[in-house]
1. Could you please let me know if B:SER399 is more than 27 Å from A:ARG24 (Cβ to Cβ), away from every other protein chain (no Cβ under 14 Å), touching a helix residue (DSSP H, G or I) at 6+ places or on another chain (Cβ under 6 Å) and of a type outside the set (A, V, I, L, M)?
2. Taking segment A:28-81 as the search range and keeping residues that are aromatic (Phe, Trp, Tyr) and within 18 Å of the chain's Cα centre (by Cα), which one is surrounded by the fewest Cβ atoms within 10 Å (Cβ to Cβ)?
3. Which condition number does C:MET43 fail, the rest of (1) under 28 Å from B:GLY405 (Cα atoms); (2) surrounded by fewer than 21 Cβ atoms within 10 Å (Cβ to Cβ); (3) within 12 Å of another protein chain (Cβ to nearest Cβ) being met?
4. Pull out all pairs, ordered by first then second residue, where Cβ-Cβ is under 8 Å, the residues are six or more apart or on different chains, the first lies in segment B:332-350 and is touching a residue at least 40 places away in the same chain (Cβ under 8 Å) and more than 12 Å from chain A (Cβ to nearest Cβ), and the second is in a loop (DSSP other than H, G, I, E, B) and of a type in the set (Lys, Arg).
5. Just give me the residues in segment A:146-170 being assigned to a loop (DSSP other than H, G, I, E, B) and more than 8 Å from chain C (Cβ to nearest Cβ), in sequence order.
6. Residue under question is B:GLU333, and the condition is that it be in contact with a Pro (Cβ under 6 Å, 6 or more places away or on another chain) and not small (Gly, Ala, Ser); does it hold?
7. Provide a single number: the residues in segment B:143-152 that are in contact (Cβ under 8 Å) with a residue 40 or more places away in the chain and either touching a Phe, Trp or Tyr at 6+ places or on another chain (Cβ under 7 Å) or crowded, with 16+ Cβ neighbours inside 10 Å (or both).
Amino acid sequence: MNEKLEPIVKALQEKFGSMVEEFRGEVHVFIKPEQIVDALTLLRDTYSFELMSTLTAVDYWPQETPRFHLIYQMTSLSNNLSVQIRVPVDGANLKVPTVTRVYANANWREREIFDLFGVEFEGHPNLTRILLPLDFVGHALRKDYPLGYEEPQFTFNFEDIDVRKPYAKE
Amino acid sequence: MTQLQEVSVDDIKHLVSERAQTGETMLLNMGPQHPSTHGVLRLLLELDGEIVVNCLPDIGYLHTGIEKNMEAKTYQKAEVMSDRLDYMNTVGNNLAFCMAVEKLVDLDVPPRAQAIRVILTELQRIASHLVWLGTSALDLAAMSMFLYCFREREIILDVLELCSGQRMMTTYIRPGGLWRDVPVEFEAAVRDIVKTFPKRIDEYEKLLTKNPIFLDRTLGIGNLTKETALQYGVTGPMLRASGVDWDLRKQRPYCGYEQYDFNVPVLPEGDTYARYLVRMQEMRESLKIVEQALNKLPMGSVRSDNRKFVPPPRSEIGLSMESLIHHFKLWTEGFLAPKASVYSAVESPRGELGVFVEGDGGPKPYRMHWRTPSYDNLQVLPEMVRGLLVADLVAVIGSTDIVLGDIDR
Amino acid sequence: MGVEQKLGNMGVVTTSLETAVNWARTNAMWPMLFGLACCAIEMMSAQASDYDMSRFGMELMRASPRQSDLMIVAGRVSKKMGPVLRRLYDQMPEPKWVIAMGDCASCGGVFNNYAIYQGVDEVVPVDVYVAGCPPRPEALIHGVLTVYEKVKGEKFKDLATK
């Protein structure tokens, strides 16, 4: 681990009791959902992590506890450091407090996670679908949602697929 | 087929000001099909006469489900889809993908492959900036710039076609190095570019930089302060034109960038004109990097020797049993990645292009997320256009250099 | 010996009405701007310097559907964009033709999933399909010339029964 990063990770561990993992030079810190706003405020104000590079989620279905891991990738420009915060979210309780007041670009990123995974963010100013059509049913990037593909047409099934394909009329 | 949605003012009253409900301001759709929005972007404008009071971008009209589709394909096949995200920077997308996969499985890359990767990425950066210049000048009605820029772009696309056979979606950069070595005509073609392009860029500067009409339309328009830019996660030339010196090629060098001597232009004003100047200077710096890389090009192989991840050359397959087995395993199953996750970022012409890969021990990625720069660059647009005229809005959108394939993925 | 041999000197040409109308339609067909994704960049390249489409009558691209007669669907059509595409097609006046440019518009291309129409012919009827990912500008010009051949072969009795 980078020696400038060690005191920051130690402070996070002491304040929030979090687990730390390291892989290929990266540091992953596990934080609970209710602590996330305080953790990010601490990182932004005290340790000058000005940029939230990305905010995304990973689905671990069929495992329900935790079902999702939210990934917050933080970057510090002044010290040239980066750290990844992982928030495990339970399958039964898909509510996480929003961080739009800490980092403004979380606005659209949280909408995207709500759209594609179904995790709700409490306190978000406008939590609606952003990428999929507004009348779409389901959450597309979950592991139990099918990919939804059309069978490739070879000569043996060409006629069957052609008959069922919804061609447009004038 | 889904039907078109009709939305009334009451549905969105928490997003627009109160004057919209009385009818004092007008809500206008700058729709998905529009000549100046650079792709399928829908902007809901709240206008007071000709002045923009608020602007709400509506995205998702190009959502392709690439992230979910990559979970269903092996790593080699998923790379083909990565070209089609930010279609102006196809070589850069391949580079970001390959760097993330190489970091995940701990694969080495020989130095000759690194140098050629740098040359192609910088040429692609110049091509992307040329398209930006042509289309944003076209929005401001300087039509001849469009024709000039596309003429130069054809020369760069000829070089890409020479290496890989395809003009745009090359998939030439593969995990472990490149697909195959560059042909003999490559060096002469790139030297020709390095010799002729600086004069062409001077011609473009002569047309636009001191032009009073261009200055009138871009100076002082669309200001972005440093604090707002950092709050919104803006990176790339937009951040550098607001006074922050952050370029991943200098701060976190990858692919051998530390050997090359180049500057990173930074300007403090943060308006449209500053972004224009930053990108023009970046094109010149890219040419310097290409020349240095070409002079220092080392000899050697272009693919790693680790046969667990990189297929062996065809000549070896007839002679050695292990090569045949490796070839068979890689083509039928693919290589296996550990059960862990990495995040790796490169500097694309638009900003920080990051890839988050999580493997699960199998040949397919468990989750692949692309941190695309245009997503955050567009989110800051409403902050930049409050109080401007609609014509200025067009100039500001042009200067943000968004690509909708990047945003909607 | 007759009128035909003197007609050239007098500056008169005789032909059938069908041929004249079809010739007029092909020589100034204006496409509507409908570039969605990567194929749009190749369409812009085909319009620009090296592969000039103005030679074939497409001098400019009209953004408004009411003033154009050819729609080149260049790029992938997502489920959110489908109704918009259909509405624009309905707003174009007759006679109109559609070119599906690229693999994604013809058959779904690389993307076989929940978010993309597998071929734009699920939304609008298509006249010519141009393959490629993205098709070279020369391939697009070949597609446009194929549309011209189709137009030149159109007969009035087909229009009457449509």
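1. yes
2. A:TRP61
3. Every condition holds for C:MET43 apart from (2).
4. B:GLY334/B:LYS364; B:PHE335/B:LYS308
5. A:GLU151, A:GLN153, A:PHE154, A:THR155, A:PHE156, A:ASN157
6. Values: in contact with a Pro (Cβ under 6 Å, 6 or more places away or on another chain): yes; not small (Gly, Ala, Ser): yes.
Yes: the conditions hold for B:GLU333.
7. Of segment B:143-152, the ones in contact (Cβ under 8 Å) with a residue 40 or more places away in the chain are B:144-145, B:148-149, B:152.
Then keep just the ones that are either touching a Phe, Trp or Tyr at 6+ places or on another chain (Cβ under 7 Å) or crowded, with 16+ Cβ neighbours inside 10 Å (or both); that gives B:145, B:148-149, B:152.
Of the residues in segment B:143-152, 4 are in contact (Cβ under 8 Å) with a residue 40 or more places away in the chain and either touching a Phe, Trp or Tyr at 6+ places or on another chain (Cβ under 7 Å) or crowded, with 16+ Cβ neighbours inside 10 Å (or both).
Yes/no matrix, rows are residues, columns are (1) modelled with pLDDT of 90 or more; (2) closer than 18 Å to B:MET283 by Cβ; (3) surrounded by fewer than 22 Cβ atoms within 10 Å (Cβ to Cβ):
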{"residue": "B:TRP132", "(1), (2), (3)": "yes, yes, no"}
{"residue": "B:ALA141", "(1), (2), (3)": "no, no, yes"}
{"residue": "B:GLU154", "(1), (2), (3)": "yes, yes, yes"}
{"residue": "B:GLY165", "(1), (2), (3)": "no, no, yes"}
{"residue": "B:ILE173", "(1), (2), (3)": "yes, no, no"}
{"residue": "B:GLY176", "(1), (2), (3)": "no, no, no"}
{"residue": "B:ARG180", "(1), (2), (3)": "no, no, yes"}
{"residue": "B:PHE186", "(1), (2), (3)": "yes, no, yes"}
{"residue": "B:ARG191", "(1), (2), (3)": "yes, yes, yes"}
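The values are calculated or read from the model by the stated rules, or taken from the named source; none is laboratory data. Source: prediction; values computed, not measured. Here Cβ is always computed from backbone atoms with ideal geometry, including for glycine, and neighbour counts include all displayed protein chains.
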